[in-house]
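The values are calculated or read from the model by the stated rules, or taken from the named source; none is laboratory data. Just so you know, these numbers come straight off a predicted model, no measurement behind them. Note: ideal-geometry Cβ built from the backbone for every residue, glycine included; neighbour counts use all protein chains shown.
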Amino acid sequence: MSARVTPAADPGRAARELFSRATGARVWRENRLALWLHFLAPPTLAALAAAAAFANPPLAALLAVLVLALSAASARWLMTRLSRAEEAKDSLTDQLIQSQKMAAVGELSAGIAHEINNPIAIIAQEAEWAGHLLAKAEKSDTPDFTELRDSLREIRAQVDRCGGITHKLLDFARRREPVLQDVDVTRLIDDMARLVDKEASYKDVALVRDLPQDLPLLRTDAPLLRQVVLNLMTNALHAVDKGGHITVTTKVDDAHMDIRVADDGCGIPEENMAKLFTPFFTTKAPGQGTGLGLALCHNLVLGMGGVILVSSRPGQGSVFTVRLPRVPGTGAVR
Amino acid sequence: MSDISILLVDDETDFVETMTKRFRIRKIDVASASNGPDALNLLEGREFDVAILDVRMPGMDGLELLRRIRAKHPLTEVIMLTGHASLETGMQGMSLGAFDYVLKPADFDDLLDKVRRAAERRALNVRTRHAGG
Ligand SMILES: Nc1ncnc2c1ncn2[C@@H]1O[C@H](COP(=O)(O)OP(=O)(O)OP(=O)(O)O)[C@@H](O)[C@H]1O
Ligand SMILES: [Mg+2]
């Protein structure tokens, strides 16, 4: 037996809806006047042309050309209207599915993270206690004991890792209302860059700040923006090889402020571009990345009314640009 | 703008003393604790606008303390102090809801400015909370 996929609620109506869409009845209903005009005008003129052919051949020829042009224009108009409507519907559906997916993932993750947090805490405590008992035990320097201690240490390390993941999930799912303050973006970026400097120097990576001193203040949520900037710089640092470069710049026009993090690292293959902001998409080894960084950034920036733009050349590097509206609430940036 | 209250938590007593003195000169109300549990006790007794936490402390570390403060006293804004810049703790701190980071040795004016902004944020939060019922 096959499962029913369609929702049970009023299948008759759904079928009628589908039928009217398939036959174009809905388009018909909504554009009746224009469509009548398109269907009737060319044949009418054609009939006129045929009639005129008996009386006056040159006039008929002229009319025929007119009819042809009119039908062509009309057909074209219809086609463009139709394909535009189709595209709009597709992109709307995509967006809808995407945001529903995000919301569902968020809710699901938060639920799971919540449930798992308690057992994780108990495992951590028990491991702690076992370690304590082991330390007190006599003859604790035999190979078996050493092995036990190693094993316990590993348990603790892995439990920490789980804790890290649940914490990231909860953070990802948390709803935040941005709190708007006047923010010195140059300083904000520099502050966050300082946290990255040390790791960058281990890798012999230059983290260049090309920041103007006279950048206007931006009305935005500072801690959220810090999180975004830190995530982008971290990703860039992971993407570059030893001796690579990361450059952070800002740009401002009347409506927006751009924060741009560019690197000359591995770049992003074309087929991954569309997945970057999907929760759990990562190319890093297990334990190295959860794939929530960019998904979180996407949510945060969206909440601030902005967008994140990405461009990349595989093998040459990537540029992530955070574009924020200078006046919050003036509509999302396109 | 001197009706700001700060809780300074650091096990380095010299640092706490100097900072306390300097904040008080600006008529800013400062309390201090040298470890996490003491800080939490103080927070049970009264509200603070801003807590400044050292990341590295024996016993309960700054990140754990941050986590507890955000859970129990969400209106108190937290500024993290760190002696050695680390990406990992930076990321954790920001995602746990810290307002900002300050690297030690802290430049006092920089810290003061961040405290003011954190306090401003708290005031905004209090206001919207009241407006929202
Ligand atoms: N600057 C970059 N250059 C090349 N690839 C990148 C860059 N930034 C992100 N990516 C790719 O996008 C993926 C997703 O990034 P994201 O930040 O969401 O997760 P992550 O870094 O893998 O893990 P997490 O941030 O959760 O620790 C990365 O695994 C990497 O493949
Ligand atoms: Mg990342």
> Is it true that some residue in segment A:198-211 is assigned to a loop (DSSP other than H, G, I, E, B), under 30 Å from A:Gly111 (Cα atoms) and touching a strand residue (DSSP E or B) at 6+ places or on another chain (Cβ under 8 Å)?
Replying inline: no
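Residue by residue, here is whether (1) of a type in the set (S, T, N, Q); (2) farther than 29 Å from B:Arg117 by Cα; (3) surrounded by fewer than 22 Cβ atoms within 10 Å (Cβ to Cβ) holds:
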| site | (1), (2), (3) |
| --- | --- |
| A:Ala222 | no, no, no |
| A:Thr247 | yes, no, yes |
| A:Lys251 | no, no, yes |
| A:Asp263 | no, yes, no |
| A:Asn272 | yes, yes, yes |
| A:Phe277 | no, yes, yes |
> Hey, does segment B:34-56 have a residue that's in contact (Cβ under 8 Å) with a residue 40 or more places away in the chain, within 12 Å of chain A (Cβ to nearest Cβ) and buried (at least 17 other Cβ atoms within 10 Å of the Cβ)?
Replying inline: no
>> Residue pairs, Cβ under 6 Å, 6 or more apart or interchain, first in segment A:276-296 and farther than 20 Å from A:Val229 by Cβ and not assigned by TED's automatic domain parsing to the domain that holds A:Glu107, second of a type in the set (Lys, Arg) and more than 7 Å from ligand 1 (Cβ to nearest atom). List them.
In response: A:Phe281/A:Lys275
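Answer yes or no: is there a residue in segment A:205-217 that is under 30 Å from B:Leu124 (Cα atoms) and within 14 Å of chain B (Cβ to nearest Cβ).
Yes, segment A:205-217 contains a residue that is under 30 Å from B:Leu124 (Cα atoms) and within 14 Å of chain B (Cβ to nearest Cβ).
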>> If A:Pro328 meets every condition in (1) farther than 19 Å from A:Val196 by Cβ; (2) under 14 Å from the mean Cα position of the chain (by Cα); (3) more than 10 Å from ligand 1 (Cβ to nearest atom) apart from one, which number is that one?
In response: (2)
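Just the residues that are small (Gly, Ala, Ser) and surrounded by fewer than 21 Cβ atoms within 10 Å (Cβ to Cβ), please, taken from segment A:296-334.
Those that are small (Gly, Ala, Ser) and surrounded by fewer than 21 Cβ atoms within 10 Å (Cβ to Cβ): A:Gly303, A:Gly305, A:Ser311, A:Gly315, A:Gly329, A:Gly331, A:Ala332.
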> Restricting attention to segment A:149-163, which residues are in contact (Cβ under 8 Å) with a residue 12 or more places away in the chain and either among the aliphatic types (A, V, I, L, M) or within 12 Å of chain B (Cβ to nearest Cβ) (or both)?
Replying inline: A:Leu152, A:Ile155, A:Val159, A:Asp160, A:Gly163
> Inside segment B:24-133, counting only strands (runs of 3 or more DSSP E) that do not spill past its ends, which hold 2 or more residues that are within 30 Å of A:Ala200 (Cβ to Cβ)?
Replying inline: B:50-54, B:77-82, B:100-103
> Do we find a residue being of a type outside the set (A, V, I, L, M, F, W, C), surrounded by 13 or more Cβ atoms within 10 Å (Cβ to Cβ) and under 20 Å from B:Glu64 (Cα atoms) anywhere in segment A:142-153?
Replying inline: no
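One line per residue, one yes/no per condition, for (1) within 14 Å of ligand 2 (Cβ to nearest atom); (2) more than 14 Å from chain B (Cβ to nearest Cβ):
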site	(1), (2)
A:Met273	no, yes
A:Pro279	yes, yes
A:Thr283	yes, yes
A:Leu300	yes, no
A:Ser312	no, yes
> Looking at segment B:1-29, which of its residues are surrounded by fewer than 21 Cβ atoms within 10 Å (Cβ to Cβ) and in contact with a Ser or Thr (Cβ under 9 Å, 6 or more places away or on another chain)?
Replying inline: B:Asp11, B:Glu12, B:Thr13, B:Val16, B:Glu17, B:Thr20, B:Arg26, B:Lys27, B:Asp29
>> With the structure loaded, tell me whether A:Leu225 is within 16 Å of ligand 2 (Cβ to nearest atom), within 20 Å of the chain's Cα centre (by Cα) and outside the structural domain of A:Ala113 (by TED's automatic domain parsing) or whether it fails that test.
In response: no
> Since A:Met192 meets every condition but one in (1) facing chain B (nearest Cβ under 9 Å); (2) free of Cβ contacts under 8 Å to residues at least 24 places away in the same chain; (3) not acidic (Asp, Glu), which condition does it not meet?
Replying inline: (2)
